[in-house]
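> Once you've had a glance at the structure underneath, I'll fire off some questions.
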Amino acid sequence: MNFPVLETERLALRQLRLEDAADIYDYFSMDEVTMFYDLDSFTELKQAEDLIMYWNNRFNNIEAIRWGITLKSEDRIIGTCGFHNWAKKHYKAEIGYELSPNHWNKGYMTEVLEAVINFGFEELELNRIQALIHRDNVNSRKVLEKSNFREEGLLSEYYYKKNRYVDAVIFSILKTKI
């Protein structure tokens with residue numbers, strides 16, 4: 001499968017390249033980005049390169065897909081979004097995303113989610129897309145609610161991250177409910 005390129009009104013979503021490592025490092029080195037993420041803030045460029053290779057290998061093995069998000073006006077990565085925990089047999093996957101704080105509160109991630117969700121339902125033939133977020137991640141909650149995800153419940157001590165147990169809130173959107 002060739003890597004699909006998606007476009008929205010203001011954004012292009014494309015495969016990540018090693019040359020994107022500096023852009024990804026720039027925002028993954030910020031604590032406000034990694035605060036609710038399952039990674040510590042980056043301290044060296046190689047971490048971004050490794051993450052790009054990891055995401056691309058998962059695509060090549062048909063296990064996941066992660067798009068790099070760029071403004072149409074400039075080919076610099078400002079965030080990523082994609083599917084992981086893809087259970088083909090059950091027609092479901094989990095969606096994940098992050099965005100550089102320089103681009104928060106501009107409606108970009110809502111625009112991205114619309115394109116990625118449509119791709120998931122139409123091209124991957126998913127029936128269910130779910131998202132797990134940290135219970136205190138208010139911004140992510142707002143993005144999911146704007147994108148018509150419904151909160152399904154709290155998963156107590158669901159993750160062990162950064163030396164502590166963390167609750168997760170699960171959201172979903174169903175193809176039959178859009």
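The values are calculated or read from the model by the stated rules, or taken from the named source; none is laboratory data. Values in this document were obtained by computation on a predicted structure and should not be read as measured data. No Cβ is skipped: glycine too gets one built from the backbone with ideal geometry, and neighbour counts run over all protein chains shown.
> In this structure, does Asn85 turn out to be among the polar types (S, T, N, Q) and closer than 20 Å to Ile129 by Cα?
So Asn85 fits the description; yes.
> Only one of these conditions is not met by Ser73: (1) touching a strand residue (DSSP E or B) at 6+ places or on another chain (Cβ under 8 Å); (2) hydroxyl-bearing (Ser, Thr, Tyr); (3) surrounded by fewer than 19 Cβ atoms within 10 Å (Cβ to Cβ). Which number is it?
Result: Ser73 passes all but (1).
> Then there's this: Residues of segment 144-178 being farther than 13 Å from Gln130 by Cα, in a strand (DSSP E or B) and of a type in the set (Val, Ile, Thr), which ones?
Listed by number, the list holds a single entry, Val166.
> List the residue pairs whose Cβ atoms are under 7 Å apart, where the first residue sits in segment 1-13 and is over 13 Å from Thr110 (Cα atoms), the second is among the polar types (S, T, N, Q) and not in a loop (DSSP other than H, G, I, E, B), and the two are 6 or more positions apart or on different chains.
Partner pairs satisfying both residue conditions: Phe3/Gln15; Ala12/Thr70.
> Pick from segment 81-103 the residues that are loosely packed, with under 15 Cβ neighbours inside 10 Å and under 14 Å from the mean Cα position of the chain (by Cα): which of them is farthest from Ser41 (Cα to Cα)?
Asn85
> Can you tell me which residue among Glu19, Glu7, Glu44 is touching a Leu at 6+ places or on another chain (Cβ under 8 Å), of a type in the set (D, E, K, R), more than 20 Å from Asn163 (Cα to Cα) and surrounded by fewer than 13 Cβ atoms within 10 Å (Cβ to Cβ)?
Just one listed residue meets the conditions, Glu7.
> Just the residues that are loosely packed, with under 12 Cβ neighbours inside 10 Å and more than 22 Å from Lys88 (Cβ to Cβ), please, taken from segment 125-153.
Within segment 125-153, Val138, Gly153 qualify.
> Have a look at Ile52, Ile78, Ile62 and point out the one that is farther than 24 Å from Asp136 by Cβ, in contact (Cβ under 8 Å) with a residue 24 or more places away in the chain and in contact with a Gly (Cβ under 9 Å, 6 or more places away or on another chain).
Just one listed residue meets the conditions, Ile52.
> Between Met35, Met30, Met53, which is modelled with pLDDT of 95 or more and of a type in the set (A, V, I, L, M, F, W, C)?
Residue meeting the stated conditions: Met53.
> With the requirement that a residue be part of a helix (DSSP H, G or I), without any contact (Cβ under 8 Å) to a residue 40 or more places away in the chain and either under 20 Å from Trp55 (Cα atoms) or touching a strand residue (DSSP E or B) at 6+ places or on another chain (Cβ under 8 Å) (or both), what does segment 103-139 give you?
Within segment 103-139, His103, Met109, Leu113, Gly120 meet the criteria.
> I've got another one for you. For segment 1-39, name all the residues that are in a loop (DSSP other than H, G, I, E, B) and over 20 Å from Ala131 (Cα atoms).
Once the filter is applied, which keeps residues that are in a loop (DSSP other than H, G, I, E, B) and over 20 Å from Ala131 (Cα atoms), segment 1-39 yields Met1, Asn2, Phe3, Pro4, Val5, Thr8, Glu9, Arg10, Leu16, Arg17, Ser29, Met30.
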